[in-house]
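The values are calculated or read from the model by the stated rules, or taken from the named source; none is laboratory data. Just so it is clear, the structure is predicted and the values come from calculations on it, not from any experiment. Neighbour counts run over all protein chains shown; Cβ positions are idealised from the backbone, glycine included. Protein only, heavy atoms only, side chains kept; ligands, DNA and RNA dropped before computing areas. Shrake-Rupley method; radii C 1.70, N 1.55, O 1.52, S 1.80 Å.
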Amino acid sequence: TMRYLTSVLFAVLAICSWSSFSTIQNQKNPLYGKIFREINEIPGLGSYGHASGAVIDAGKSASGDYRFAAGYYTNDKNGICILNELLDDKENGKGQVKYKILDTINIRKLKSNEHLSLCNCRLGNKVDSEIVAISVVEENKEYFDQIVKAWRLNTRTGKISPIQNTKTINCVNEGYGI
């Protein structure tokens, strides 16, 4: 019976630890739902400035309007990439937008030979605007294909998730041919 009790105890512990793990996974990002025009309006991100941004082609509205954007913001030490929902900001003028945070990821400070590509990468030879990637800069190439790390900004789930297999990802070298 001791062995039985031990296995029951082990099963209970396994279930408890698994369920606490899954609740951690499902927890909303603490910045979720915050609305801003400038990133430094968000508590805790006062030292960050806008580095780059791009609209995401995927998930357009029925009227053909862009609904989502990627923003990359940095301070002296760190970077943050944000999956934003675009909201109309008519009070501030026609065509003005504000941003609602859906998810964020921290991005370490890039090395001098690295570049963060927002929404201008391909999976194989097919453009995939939901991909954000850190790539090694190779000036003589039209597409950077040495991908250090990549994420999917999933417009259907509103989540950012790491892409494990980056072998077929390549990103536009915006300075190519200039």
Determine the pairs where a residue that is without any contact (Cβ under 8 Å) to a residue 12 or more places away in the chain, located within region 146-175, has a partner that is assigned to a strand (DSSP E or B) and surrounded by fewer than 20 Cβ atoms within 10 Å (Cβ to Cβ) with Cβ atoms under 8 Å apart, the partner being 6 or more residues away or on another chain. 146/136; 161/152; 161/154
Is it the case that residue 163 is β-branched (Val, Ile, Thr) and open to solvent by less than 50 Å² (accessible area, probe 1.4 Å)? yes
Candidates 148, 127 - the one that is open to solvent by 20 Å² or more (accessible area, probe 1.4 Å), among the hydrophobic types (A, V, I, L, M, F, W, C) and more than 24 Å from residue 68 (Cα to Cα): 148
Tell me, please, whether a residue that is of a type in the set (S, T, N, Q), over 21 Å from residue 78 (Cβ atoms) and over 19 Å from the mean Cα position of the chain (by Cα) can be found in region 148-162. no
Could you tell me which numbered condition residue 44 fails, if it satisfies all but one of (1) under 16 Å from residue 159 (Cα atoms); (2) open to solvent by 50 Å² or more (accessible area, probe 1.4 Å); (3) of a type in the set (Gly, Ala, Ser)? (1)
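Scan region 151-160 for residues that are under 22 Å from residue 106 (Cβ atoms), open to solvent by 40 Å² or more (accessible area, probe 1.4 Å) and either at pLDDT 95 or above or of a type outside the set (Val, Ile, Thr) (or both) and jot them down.
152, 159
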Qualifying position, being over 18 Å from the mean Cα position of the chain (by Cα), at pLDDT 60 or above, on the phi > 0 side of the Ramachandran plot and open to solvent by less than 90 Å² (accessible area, probe 1.4 Å), among 33, 64: 64
Hits in region 73-110 (condition: assigned to a strand (DSSP E or B) and open to solvent by less than 20 Å² (accessible area, probe 1.4 Å)): 73, 79, 80, 81, 82, 83, 84, 101, 102, 103, 107
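Check whether at least one residue in region 118-132 is among the charged types (D, E, K, R), assigned to a loop (DSSP other than H, G, I, E, B) and either over 26 Å from residue 60 (Cβ atoms) or in contact with a Lys or Arg (Cβ under 7 Å, 6 or more places away or on another chain) (or both), and report yes or no.
Yes, region 118-132 contains a residue that is among the charged types (D, E, K, R), assigned to a loop (DSSP other than H, G, I, E, B) and either over 26 Å from residue 60 (Cβ atoms) or in contact with a Lys or Arg (Cβ under 7 Å, 6 or more places away or on another chain) (or both).
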Collect the residues in region 81-104 that are of a type in the set (Val, Ile, Thr) and modelled with pLDDT of 95 or more, keeping them in residue-number order. 82, 101, 104
Going through region 52-71 in order, the residues found to be in a strand (DSSP E or B) and in contact (Cβ under 8 Å) with a residue 60 or more places away in the chain are 52, 53, 54, 55, 68, 70
